[in-house]
Amino acid sequence: MQRIHNHNLVDKSEWDVIIIGGGATGLGTALDSASRGLKTLLIEQADFAKGTSSRSTKLVHGGVRYLAQGDVALVRHALKERGLMQKNAAHLVHKEEFIIPCYDWFSVAKYLIGLKLYDWLAGSFSFGVSKYFSKKETLKIMPGVKAEGLKGAIRYFDGRFDDARLAINIAQTAKEYGATLVNYMKVNNLIKDGAQVKGVIATDTITNETFNLYGKVVINATGVFVDEILQMNDSKAKKTVRPSQGVHIVLKRDFLNSDSALMIPQTSDGRVLFAVQWHNHLLVGTTDTPLNEHSLEPRALKEETDFILNTASIYFKTKPTENDILSVFSGLRPLAAPTDSNSNSTKEISRDHKLMVSAKGLITITGGKWTTYRRMAEETIDLAIKESGLPFVVCQTEKLPIHGCENAIDNKYLNIYGSDRNHIESLIKENPQLAQKLHPNFPYTHAEVIWSVRNEMAETVEDILSRRLRVLIIEAKAAIEMAPTVAAIMASEIGADKQWEEEQVRSFVNLAEGYTYKTKNKEEEPVLAG
């Protein structure tokens with residue numbers, strides 16, 4: 001097959017730091033490493049943020065539920081990082097108003113007191129002050145919430161962002177600081193000298209070339225796949241993570257008819273559910289289902305989508321049904337495995353990150369969440385420097401702007417590209433045909449496909465429709481309809497033949513079917529495709 005972006009890797013190349021994994025943690029670590037002047041390589045087996053890092057609830061938050069669990073230190077750190085993300089990626093991280101509807105007065109008091117503490121912990125990084133709203137005020141802000149029995153609501157502030165786009169922008173920033181980042185490059189084995197890890201053997205899954213890559217330190221940042229790398233080092237290594245599946249469904253935004261997000265503070269199983277306005281749709285989730293296996297394309301269980309629909313029905317004025325689901329997607333969280341192998345409760349599994357020296361020359365980082373990616377990266381590179389004897393340079397990322405960082409001056413949707421918006425508009429000015437939309441129901445244009453191919457390391461139609469544009473995540477049927485157009489634009493841009501184009505469409509449609517929610521017929525149970 002044809003590779004769009006030549007990575008220029010050579011066999012037996014040498015690096016200071018080799019990072020395996022191109023999700024939030026790996027990309028943040030690559031940026032931290034490169035910005036300290038270290039010769040840095042990151043390799044990812046699929047596309048950047050292909051897994052968990054593009055399938056979050058799209059929140060930049062301190063973690064209200066962690067506060068309820070008494071983990072004050074974790075919340076304080078996360079609130080600071082939330083503030084830094086908003087400053088450093090102003091084009092992607094935005095302040096969001098959250099509404100907690102309360103149907104008894106005890107809830108009003110409990111959540112108001114708890115969220116005042118949340119405000120206080122944020123300190124100078126505060127996004128705004130929490131407040132009680134009457135029933136009348138609540139229904140004005142969020143007409144779609146159930147009015148019956150409503151006593152009012154608590155308003156608080158957190159952040160909302162586009163996870164996969166931030167991942168791409170972090171990758172671009174790392175490249176600007178000299179890092180080499182390669183997607184579709186899978187690690188087959190570690191290179192060892194006795195007990196010491198000296199590098200990795202990796203294969204380009206597009207061209208099938210294999211490379212021996214040497215590094216002073218190798219960082220395993222592969223999320224739910226960390227144990228596969230650890231077992232390359234030691235075939236008897238015990239499992240360190242247990243995957244937990246988080247499912248989201250996407251509905252039309254009319255269900256809440258509000259610019260604010262809804263937080264459901266206690267579901268039937270004692271968890272938290274969010275309904276967030278995102279890309280002009282309503283994203284509802286998430287679940288927390290322990291699994292014993294993992295994959296790059298996890299599939300939602302019917303019981304998970306039922307749980308989300310049933311919980312939403314309690315709080316929404318109009319009850320959503322299976323037929324209202326525009327897309328359903330699943331992500332796997334790499335939670336630290338419980339010591340009791342029979343435990344089936346994800347509540348017992350640590351949410352905080354875990355950093356360990358797995359062998360001489362091999363460091364593993366797992367757990368955590370998007371909001372704390374920068375802090376995790378800083379700790380990881382501090383440890384890597386200490387373990388490898390590399391010269392110590394202080395972390396640079398606290399005030400380092402991410403590629404594209406720019407405050408918007410209007411409401412045009414192209415602002416999601418930040419300062420790159422100007423370049424996309426220039427493409428259209430040079431060739432007005434590129435202003436054509438990819439689909440009548442979406443604002444995305446031909447110019448954005450060209451931009452992503454040239455500047456955002458996109459290799460496939462899936463990369464474009466799932467992670468550069470977010471269509472697959474929000475409306476799977478529309479993404480399937482766009483695929484032939486996107487493939488044709490890409491093929492024209494890179495000089496690929498009709499066979500490449502057709503293979504790309506076939507592959508994407510096959511994948512996208514797994515994001516659609518289908519009903520067999522009226523008499524039968526709804527089923528998830530894929």
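Among the residues making up region 274-300, those that are charged (D, E, K, R) and over 15 Å from the mean Cα position of the chain (by Cα) are D288, E293, R299. Scanning region 84-98 for residues that are over 18 Å from the mean Cα position of the chain (by Cα) and in a helix (DSSP H, G or I) yields one hit, K87.
So if I check each of K140, K151, which one is free of Cβ contacts under 8 Å to residues at least 40 places away in the same chain and not hydroxyl-bearing (S, T, Y)?
K140
Scanning region 1-39 for residues that are closer than 19 Å to F392 by Cα, among the hydrophobic types (A, V, I, L, M, F, W, C) and not in a strand (DSSP E or B) yields a total of 4.
Can you confirm whether K131 is surrounded by fewer than 21 Cβ atoms within 10 Å (Cβ to Cβ) and within 30 Å of T372 (Cβ to Cβ)? Criteria met by K131.
Within region 61-85, restricting attention to residues that are under 18 Å from A377 (Cβ atoms) and basic (K, R), the residue that is surrounded by the fewest Cβ atoms within 10 Å (Cβ to Cβ) is K80. Being hydrophobic (A, V, I, L, M, F, W, C) and modelled with pLDDT under 95 is the requirement here; does V200 meet it? The answer is no for V200.
The number of residues in region 453-479 being closer than 24 Å to S419 by Cα and of a type outside the set (A, V, I, L, M) comes to 9. If a residue must be farther than 17 Å from Y66 by Cβ and surrounded by fewer than 17 Cβ atoms within 10 Å (Cβ to Cβ), how many such residues does region 270-289 contain? Residues meeting the conditions: 1. Close Cβ contacts (under 6 Å, 6 or more residues apart or on different chains) running from residues in region 485-506 that are more than 18 Å from T207 (Cα to Cα) to residues that are charged (D, E, K, R) and surrounded by 15 or more Cβ atoms within 10 Å (Cβ to Cβ) comprise A487/E501.
How many residues does region 39-59 hold that are of a type in the set (V, I, T) and in contact with an Asp or Glu (Cβ under 7 Å, 6 or more places away or on another chain)? First the steps, then the outcome.
Restricting attention to region 39-59, the residues satisfying the condition of being of a type in the set (V, I, T) are 40, 43, 52, 57.
In the following step, the residues that additionally are in contact with an Asp or Glu (Cβ under 7 Å, 6 or more places away or on another chain) were identified as 40.
Number of matching residues: 1.
The rows are residues; the columns are (1) in the same structural domain as D47 (by TED's automatic domain parsing); (2) crowded, with 24+ Cβ neighbours inside 10 Å; (3) within 13 Å of L438 (Cα to Cα); (4) out of contact with any Asp or Glu (no Cβ under 8 Å at 6 or more places or on another chain).
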position	(1), (2), (3), (4)
E462	no, no, no, no
V486	no, yes, yes, yes
S492	no, no, no, yes
A496	no, no, no, yes
W500	no, no, no, yes
R506	no, no, no, yes
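When restricted to residues that are in a loop (DSSP other than H, G, I, E, B) and on the phi > 0 side of the Ramachandran plot, region 126-154 contains 2.
Contact map, region 111-130: first residue farther than 17 Å from K95 by Cβ, second residue among the charged types (D, E, K, R) and not in a helix (DSSP H, G or I), Cβ cut-off under 9 Å, separation 6 or more or different chains; pairs are L112/K131. Among residues of region 435-459 that are outside the structural domain of Y184 (by TED's automatic domain parsing), those with a Cβ under 7 angstrom from a residue that is charged (D, E, K, R) and modelled with pLDDT under 95, sequence gap 6+ or separate chain, pair up as E459/R3. Scanning region 451-483 for residues that are over 15 Å from the mean Cα position of the chain (by Cα), closer than 18 Å to G22 by Cα and among the basic types (K, R) yields a total of 0. Highlighted here would be strands (runs of 3 or more DSSP E) found entirely within region 161-262 that include at least 3 residues which are in contact with a His (Cβ under 9 Å, 6 or more places away or on another chain) and among the basic types (K, R), but there are none.
In a residue-by-residue description of region 26-37, the property of being of a type in the set (D, E, K, R), closer than 21 Å to G361 by Cα and either touching a Pro at 6+ places or on another chain (Cβ under 8 Å) or touching a residue at least 40 places away in the same chain (Cβ under 8 Å) (or both) applies to at least one position.
Just so you know, in region 40-67 the residues that are closer than 13 Å to A24 by Cβ and part of a helix (DSSP H, G or I) include one that is farthest from the chain's Cα centre (by Cα), and it is T52.
Kindly provide the set of residues from region 86-106 that are surrounded by fewer than 23 Cβ atoms within 10 Å (Cβ to Cβ) and under 16 Å from K399 (Cα atoms), ordered by number. Those that are surrounded by fewer than 23 Cβ atoms within 10 Å (Cβ to Cβ) and under 16 Å from K399 (Cα atoms): Q86, K87, N88, A90.
Residues are listed down the side, and each one gets a yes or a no for (1) modelled with pLDDT of 95 or more; (2) out of contact with any strand residue (DSSP E or B) (no Cβ under 7 Å at 6 or more places or on another chain):
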{"position": "Y444", "(1), (2)": "yes, no"}
{"position": "N455", "(1), (2)": "yes, yes"}
{"position": "E475", "(1), (2)": "yes, no"}
{"position": "S492", "(1), (2)": "yes, yes"}
{"position": "W500", "(1), (2)": "yes, yes"}
{"position": "V505", "(1), (2)": "yes, yes"}
{"position": "G514", "(1), (2)": "no, yes"}
{"position": "K518", "(1), (2)": "no, no"}
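The values are calculated or read from the model by the stated rules, or taken from the named source; none is laboratory data. Everything numeric here is computed off the predicted structure, so don't read it as measured data. With ideal geometry, Cβ positions are generated from the backbone for all residues, glycine too; neighbour counts draw on all protein chains shown.
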